[in-house]
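The block underneath contains the structure these notes are about, expressed in structure tokens.
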Amino acid sequence: MHNSIPAEESGARIGYIVGGGLRENLRVRLTVPAQQVQEGSFVVVESGEWLFHGLVTDLQLGATDPRFADEQSEARFPAELANLLHGQTLYTNLEMLPALVLERGPDIDSPEYPRWRDAIDAGLREQPRPVPVKTVPPHHAPVRMAGPGDIAEIFGKVDSKGNFVIGTTREQGHPVCINLDKFIQRSSGVFGATGTGKSFLTRIILAGLIHYNHASVLVLDMHNEYGFDDTASDTGMRVIGLKSKFASRVRVVGLGKGALVRGQAPDFNLEVAETDIQPEDIELLTRELNLKETTPTTLDALTSSYGRDKWFAGFKRLRNGAVIEDDSGKKIPAPDSVAAWANSVGVNVMAAEGLYSKLGRVFNLSYVVEKPAIDTVSEIIKSLEAGQHVILSFGDNVSDLDYLLVSNLLTRRIRQAWETRTNEFRSSKKSEPRPLVIVVEEAHKLLNREMASQTTFSTIARELRKYYVTLLVIDQRPSQIYDEVMSQLGTRVSGWLGDEDDIRAVLSGLAGREALRGMLAHLQPKEEVLLLGWGVPMPLPVRSRRYDDTFWKDLLGQTSSLPKRQSDDIIKELGF
Ligand SMILES: Nc1ncnc2c1ncn2[C@@H]1O[C@H](COP(=O)(O)OP(=O)(O)OP(=O)(O)O)[C@@H](O)[C@H]1O
Ligand SMILES: [Mg+2]
């Protein structure tokens, strides 16, 4: 008997190794009916002191003699013979993508075992941990389904610190964890076609992050889904908002003075000061506002005329097309006209007037004001630094213009603040900054190829965790996100995707893409996801945890986790 997984914690035997290799997958002869296994199942090969862990990527029917496969000869045979035929001549092979191997040590009853264990305890030998597969198990090594013990060994134990149950295995419903500390160390993504459950799963992850309290969360909530309670569009059921459960730790911010979010008053309102709008914020709207290529030149001239803080106000107060009559009765541009300004600084009048009229949409935004009643941006930063969480609801301002402008402006200010804090921390003047996760719905709007070079978001995604800020991007069209950003995403959680390009985008930069491609395309249309990437030990399809009353009870009702850990510690100290 080997030590690692007790019998009741390991899964049922399903077959044995008959071939394959590292470059191709391992082949396993099934000894159970094929229905008991499916694509994506987590299986374990037992090979002496080693356990190989992997995923089923394919199931194939085989025959030692093709004649018996082609004809329904069992009808002519007596029952025992027909049974034999199905076990021996006709068989099913499964293909297994080996992912990790774990040393489990010598047999627990063998004389080598205590020596092995002592060497580990004395620090002479490394604590066994799953490592990437570099060799193969021998012929006929037994293969079994992964049991809860195997899953806990690889994905982490449910009650260990930082581990959070994100779903269950599809066949037997064993819980599967992600590690939240790892999750926030790099940017991550939740993908899937519309209706696959991205927003629901994001609520679950955010609840986990807020409860765990190792990072602050800022949600750019374009559709007002995350703060207050909502109604599910398909079932009409009430969906609990994060504010309802974490009333004092989550602050809902509504965009614009007096804005309501789902009919409720937010904790405070966000108004943008004219001085906050930088020329880059406008360049970012090039596609949205259909700006001409002359725009950067005009913006440059504006900043030299009025200064980086005042250019927006200065430009806005000009009058487009205003004329006066000169002494001889001729119409000339009024001194406060756009044309007069353009002439005075040597900018093309048409270009300036064109830009002015296109910026009309920005000039008219009700939440962009000369002087906001309170400095909400600083307020948001302060809340986040103090360990609170902020959900910025866009309320009725649902156009892309609002989303692009406000998200980028806010994120830029926040990143600056975190950069300053990080530098202060590095020069050991201050305490370590609190990690921050910025959640972006419809991420491709901010992270597409065209904008990637200009937005703060892509900078954050690319620089990993240097400044303690990472992204959680949510999107139904991952192929529209700039690939350099996609390949940086650590943890990827993807629901069903139909589009080839989207599938390719989600898998970018990962090993075993071919095998995983099929797995993504064969997920259930709802509430099933494939866990992928650096943030998880190996890819695994899981049934998503359900977001319901039970979820909240499990999450918030678990007051026993600390005493349990303490009692474990005591037992360890006593030498058991
Ligand atoms: N984990 C879950 N728990 C409970 N219900 C779920 C879960 N996941 C999905 N659902 C159901 O599926 C529906 C669609 O889920 P959701 O709104 O999260 O989809 P989505 O991927 O965000 O879609 P879209 O891209 O259109 O925003 C929900 O209204 C809900 O009824
Ligand atoms: Mg959604």
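The values are calculated or read from the model by the stated rules, or taken from the named source; none is laboratory data. This is a predicted model, so every value here is computed, not measured. As a convention, Cβ positions derive from the backbone with ideal geometry for all residues, glycine included, and neighbour counts pool all protein chains shown. Areas reflect the complete protein model, heavy atoms only, side chains present, ligands, DNA and RNA absent. Shrake-Rupley method; radii C 1.70, N 1.55, O 1.52, S 1.80 Å.
Within the range 72-97, which residues are within 48 Å of the chain's Cα centre (by Cα) and not in a strand (DSSP E or B)?
His86, Gly87, Gln88, Thr89
Can you tell me which residues in the range 356-374 are in contact (Cβ under 8 Å) with a residue 24 or more places away in the chain, outside any helix (DSSP H, G or I) and surrounded by fewer than 18 Cβ atoms within 10 Å (Cβ to Cβ)?
Selection gives Ser366, Val369, Glu370, Lys371, Ala373, Ile374.
Going by the structure shown, is Gln38 part of a loop (DSSP other than H, G, I, E, B) and among the polar types (S, T, N, Q)?
Yes; evaluated as a whole, the condition is true for this residue.
What's the total number of residues in the range 141-169 that are polar (S, T, N, Q) and assigned to a loop (DSSP other than H, G, I, E, B)?
1
Quick check: anything in the range 211-224 polar (S, T, N, Q), away from ligand 2 (no atom under 11 Å from the Cβ) and touching a His at 6+ places or on another chain (Cβ under 8 Å)?
yes
Conditions tested, residue by residue: (1) of a type in the set (Ser, Thr, Tyr); (2) more than 30 Å from Ser479 (Cα to Cα); (3) without any contact (Cβ under 8 Å) to a residue 12 or more places away in the chain; (4) not in a helix (DSSP H, G or I).
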residue: Glu171; (1), (2), (3), (4): no, yes, no, yes
residue: Arg186; (1), (2), (3), (4): no, no, no, yes
residue: Val190; (1), (2), (3), (4): no, no, no, yes
residue: Leu220; (1), (2), (3), (4): no, no, no, yes
residue: Ala247; (1), (2), (3), (4): no, yes, yes, yes
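Counting just the residues of the range 363-377 that are out of contact with any Leu (no Cβ under 7 Å at 6 or more places or on another chain) and of a type in the set (Val, Ile, Thr), which one comes out nearest to Asn269 (Cα to Cα)?
Out of the qualifying residues, it is Ile374.
Give me the residue from the range 173-184 that is crowded, with 20+ Cβ neighbours inside 10 Å and in a helix (DSSP H, G or I) and, out of that set, farthest from ligand 2 (Cβ to nearest atom).
Top of the filtered list is Leu180.
If we keep just the residues of the range 489-507 that are under 17 Å from Arg186 (Cα atoms) and among the small types (Gly, Ala, Ser), which is modelled with the lowest pLDDT?
Checked the range 489-507; the qualifying residue modelled with the lowest pLDDT is Gly490.
From Leu102, Leu61, which residue is outside any helix (DSSP H, G or I), open to solvent by 80 Å² or more (accessible area, probe 1.4 Å), closer than 28 Å to Arg517 by Cβ and touching a Leu at 6+ places or on another chain (Cβ under 8 Å)?
Leu61
Mind listing whichever residues of the range 182-238 are within 7 Å of ligand 1 (Cβ to nearest atom), among the hydrophobic types (A, V, I, L, M, F, W, C) and within 14 Å of the chain's Cα centre (by Cα)?
Correct list: Phe200, Leu201, Ile204.
Can you pull out the residues in the range 460-490 that are within 16 Å of ligand 1 (Cβ to nearest atom) and either at positive phi or part of a strand (DSSP E or B) (or both)?
Correct list: Leu472, Val473, Ile474, Asp475.
Please find, among Phe228, Phe191, Phe246, the residue that is among the hydrophobic types (A, V, I, L, M, F, W, C) and surrounded by fewer than 20 Cβ atoms within 10 Å (Cβ to Cβ).
Every option except Phe246 fails the conditions.
Is there any pair with a first residue in the range 153-166 that is more than 15 Å from Leu531 (Cα to Cα) and a second that is among the aromatic types (Phe, Trp, Tyr) and modelled with pLDDT of 90 or more whose Cβ atoms are under 8 Å apart and which are 6 or more apart or on different chains, and what are they?
From residues that are more than 15 Å from Leu531 (Cα to Cα), the pairs are Gly162/Tyr212.
Of all residues in the range 342-355, which are touching a strand residue (DSSP E or B) at 6+ places or on another chain (Cβ under 9 Å) and either open to solvent by less than 20 Å² (accessible area, probe 1.4 Å) or at pLDDT 95 or above (or both)?
Answer for the range 342-355, where residues must be touching a strand residue (DSSP E or B) at 6+ places or on another chain (Cβ under 9 Å) and either open to solvent by less than 20 Å² (accessible area, probe 1.4 Å) or at pLDDT 95 or above (or both): just Ala342.
Answer yes or no as to whether Arg465 is touching a helix residue (DSSP H, G or I) at 6+ places or on another chain (Cβ under 9 Å), under 25 Å from Val506 (Cβ atoms) and open to solvent by 10 Å² or more (accessible area, probe 1.4 Å).
Considered against the rule, which asks whether it is touching a helix residue (DSSP H, G or I) at 6+ places or on another chain (Cβ under 9 Å), under 25 Å from Val506 (Cβ atoms) and open to solvent by 10 Å² or more (accessible area, probe 1.4 Å), Arg465 comes out as no.
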